[in-house]
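What follows is calculated from the coordinates using simple rules that are stated; it is not laboratory data. The shown structure was predicted, so the numbers you read here are calculated from the model rather than taken from an experiment. When we count neighbours, we look across all protein chains shown, and the Cβ atoms used for this are built from the backbone with ideal geometry, even at glycine.
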Amino acid sequence: MIRPVEPPPTRWRLPAAQSADTDGVVGVGGDLEPGTLLAAYRTGLFPMPAGRRNVVWFSPDPRAIIPLDGLRVSRSLRRSTTRYTVEQDERFGDVMARCGDPSRPGGWINRSFVNAYSRLHRLGWAHSFECLDEDGELVGGLYGVRIGGLFAGESMFHTADDASKVALVALVEWLRATGARLLDVQWLTPHLESLGAVAIPRDEYLARLVEAVRERAH
């Protein structure tokens, strides 16, 4: 795996993850510079947009993860893995654009986030997995941020049956093969729970995070 390029450090003093309110919010403001994003993930925070310009930083309790040995792959999903081709980091911008499609329910990714994570991708920190059908059309995918043994999943999409799940299978296989320890998926949803995600206390997540980001991926 190509060694990522460390950007200039953030100019902000980020709030402590344990300072979050009952909604998981630790603060509002700052920026989406590469150094800020990496500092946030390294300390257990992640951003979401608030309006056109503001950024809200979250550290929910509990926190959802997918254990790397706990992904649930049903028989039908296993069959689906043979129907698609999965690529990595070939169509990062397209995956983000599809995840951010405003017509999707709950769509939240705006242009500022696309630009910010595209910069992280060019520096080697953000990654995508793309699921293609037999015609080479992009029908599913996901993206997130890799720091050592941490992968912070951000969003996924699909327009064909099981396509995002197939991308997730490929992600987990890559993480296991490259020495990752922690797959963060932020909040537990019924969909993620059906795939093996579990909720753990924030303090436990932060303890695992410290160990994960120290790992050197291979």
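Show me the ranking of peptides 29-38, 170-179, 151-160 by mean Cβ neighbours inside 10 Å, starting with the highest.
Details: 29-38: 19.3, 170-179: 17.7, 151-160: 21.3.
Order by mean packing, descending: 151-160, 29-38, 170-179.
Write down the Å³ per residue value for the convex hull defined by the alpha carbon atoms of region 1-86.
On the way: hull volume 16.1 nm³, N = 86.
Measuring per residue, one finds 187 Å³ for the Cα hull of region 1-86.
In a Gaussian network model over the chain where Cα atoms closer than 10 Å are linked, find which of 27, 70, 100 has the largest mean-square fluctuation.
70
For region 121-147 and region 1-42, write down the distance between their C-alpha centroids in whole Å.
So the separation of the two Cα centres works out to 23 Å.
If you average 1/r over all unlike Cα pairs in region 17-58 and invert the result, what Kirkwood radius do you get in angstrom? Don't skip to the end; give the middle numbers.
Numbers: mean 1/r = 0.0963 Å⁻¹.
Result for region 17-58, one decimal place: 10.4 Å.
In whole Hz, what ³J(HN,Hα) sequence does region 182-189 give by Karplus (6.51, -1.76, 1.60; θ = phi - 60°), x for Gly and Pro?
9, 10, 8, 10, 6, 10, 7, 10
For residue 89, what residues show an amide H to amide H distance below 5 Å, using hydrogens built from the backbone and excluding near sequence neighbours?
Here the answer is 128, 129, 130, since their amide H atoms fall under 5 Å of that of residue 89.
Add -39500 (n - 2.57) for each DSSP H run of 4 or more in the chain, then divide by its residues: what number comes out at 222 nm, to the nearest 500 deg cm²/dmol? Don't skip to the answer; put the middle values down first.
Working: 7 runs with 68 residues, N = 218.
Helices in the chain give a 222 nm mean residue ellipticity of -9000 deg cm²/dmol.
So if we plug the beta-carbon distance of residue 176 and residue 118 into 1/(1 + (r/R0)^6) with R0 = 25 Å, what FRET efficiency do we get, rounded to 0.05?
Details: r = 27 Å, r/R0 = 1.07.
The pair residue 176/residue 118 has a calculated efficiency of 0.40.
Would you pull out the residues with amide H under 5 Å of residue 196's amide H, same chain only if 5 or more places away, H placed 1.01 Å from N?
Correct list: 72.
Which residue, 47, 201, 190, has the most motion in a Gaussian network model of the chain that connects Cα atoms within less than 10 Å?
190
Quote the relative contact order of region 17-58 in percent (integer), defining contacts as alpha-carbon pairs under 8 Å separated by 6+ residues. Working shown, then result.
Working: 47 pairs, mean separation 19.7, N = 42.
It comes to 47 percent, rounded to a whole number.
Pop the C-beta distance of residue 216 and residue 134 into the FRET formula with R0 = 41 Å and round what comes out to the nearest 0.05. Write down the numbers at each step before the final one.
On the way: r = 38 Å, r/R0 = 0.92.
Efficiency computed from Cβ-Cβ geometry: 0.60.
Once both labels are modelled 7 Å past Cα along the beta-carbon direction, what's the residue 101-residue 13 spacing in nm?
4.5 nm
Sticking with the crude label model, points 7 Å out along Cα→Cβ, report the distance from residue 193 to residue 6 in nm, one decimal please.
Roughly 4.1 nm, to one decimal.
Hey, for a label at residue 72 modelled as a point 7 Å past Cα toward Cβ, could you say which residues of region 142-164 have their backbone N under 18 Å away?
It comes to 162-164, nothing else.
Cα convex hull of region 77-163: mean projected area in nm², to one decimal? If you can, show how the numbers build up before the last one.
Values: hull surface 24.2 nm².
If I average the Cα hull's projected area over directions, I get 6.0 nm².
Per q in 0.08, 0.11, 0.12, 0.14 1/Å, what log10 I(q)/I(0) does a Debye calculation on the alpha-carbon atoms of the chain return?
Values, matching the q order: -0.26, -0.50, -0.60, -0.84.
With only alpha-carbon atoms counted, please give the Rg and Dmax of region 91-218, in Å.
14.6, 46
Between residue 48 and residue 21, what is the label-point separation in nm under the 7 Å Cα-to-beta-carbon projection?
If labels sit at residue 21 and residue 48, their model points lie 1.4 nm apart.
From the gyration tensor of the Cα coordinates in region 125-182, what semi-axes in whole Å does the equivalent ellipsoid have, largest first, with each one equal to sqrt(5λ)?
Values: eigenvalues 96, 23, 15 Å².
Output for region 125-182: semi-axes of 22, 11, 9 Å.
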